[in-house]
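Only one structure is covered here, and it is reproduced in the block below.
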Amino acid sequence: MLDVGGGNGHVSLAIEGDDLECWLIEPSMDGCRNAAARGLPRVVRSTLEGLALPDSCVDAIGLFDVIEHVEDPATLLSEARRVIRPGGHLLVTVPAIRWLWSEHDRRAGHFRRYTSLELHRALEDAGLDVVDQGFLFSPLVLPVLLGRAVPNRLGFARHIDRARLQRHHASGPGLTGRVLDRALQRELRRVESGRWSRSGTTLAAVAAKM
């Protein structure tokens, strides 16, 4: 499996933990260095297109929070389809719900937040069959709405104090974090049983190459 645009390798590390062979494909040097420092054994600094892989050569590709950073993702999705073998899968996550858009999205380099229909059409237009799709992180919808989207619409784009953010992470999750963690664990159990949330800050999809 290729984890394309996998950043610091957090997802790749989890995939490796499930005894799957995963290659992190990341164009930034900092991301590659951090991933290697995490102990990932297969890290390649490149884009997917830059690898110039042969047709139908990998079992699966992950694009986890990647295509929202690409102004025209059709080329990337088509390239992913080309290198996946018949019967293989593309796994995608994207930020969801248009009305959650805020300054945070712009600073993160996002071009869009997706609707279910938009993601489904993008995958089908690339020649892939969507076999499963749904929302994740439903407990975060209200915090993101009130903490980011509403202030943004009122003209109060919040300044990100990076030093304060680092101190917050270093101090542990706190009561709010622990409550959200329990809620997300319940959501994970629902997804594992085949029941997606009706809404959420992230859309996930599994598409197959037939």
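Bear in mind that the values in this text are calculations on the coordinates, not laboratory data. Keep in mind that this is a model prediction, so the values were computed, not measured. Don't worry about glycine lacking a Cβ; one is built from the backbone with ideal geometry, like all the others, and counts go over all protein chains shown.
Given the DSSP H assignment, sum -39500 (n - 2.57) over each helix run of at least 4 residues in the chain and divide by its residue total; what's the result at 222 nm in deg cm²/dmol, nearest 500?
-10500 deg cm²/dmol
Using only the alpha carbon atoms of the stretch 60-153, find the Kirkwood hydrodynamic radius as the inverse mean reciprocal pair distance, in angstroms to one decimal.
About 14.3 Å, per the Kirkwood formula over Cα pairs.
Could you give the length gained on full extension between THR115 and LEU51, defined as 0.36 nm per residue of separation minus the Cα-Cα distance, in nm?
Extending this stretch completely gives an extra 20.0 nm.
Non-local amide H neighbours of SER56 (under 5 Å, H modeled in plane, Pro and chain starts lacking H): which ones?
So SER56 has HN proximity to VAL83, ILE84.
Could you line up LEU20, LEU184 from fewest to most neighbouring Cβ atoms inside 10 Å?
Lowest count first: LEU20, LEU184.
Hey, what do the phi angles of the stretch 19-25 turn into as Karplus ³J(HN,Hα) couplings, whole Hz, using 6.51/-1.76/1.60 and θ = phi - 60°, x for Gly and Pro?
Each residue of the stretch 19-25 in turn: 6, 10, 7, 10, 10, 7, 10 Hz.
What number results when the radius of gyration of the stretch 1-115, computed over Cα atoms, is divided by 2.2 N^0.38 Å?
Values: Rg = 14.3 Å, N = 115, 2.2 N^0.38 = 13.4 Å.
The value comes to 1.07.
What list of ³J(HN,Hα) values in whole Hz, one per residue of the stretch 196-210 in order, does the Karplus curve 6.51 cos²θ - 1.76 cosθ + 1.60 (θ = phi - 60°) give from phi, with Gly and Pro shown as x?
Once rounded to whole Hz, the list reads 6, 6, 7, 8, x, 7, 10, 9, 10, 9, 10, 10, 10, 9, 8.
Kirkwood-based Rg over Rh for the chain (C-alpha set), two decimals?
In the chain, Rg relative to Rh is 0.96.
Give the residue from LEU91, PRO151, PHE135 lying farthest towards the positive end of the charge dipole for the stretch 53-208; charges sit on Cβ (+1 for Lys and Arg, -1 for Asp and Glu) and the dipole is referred to the Cα centre.
PRO151
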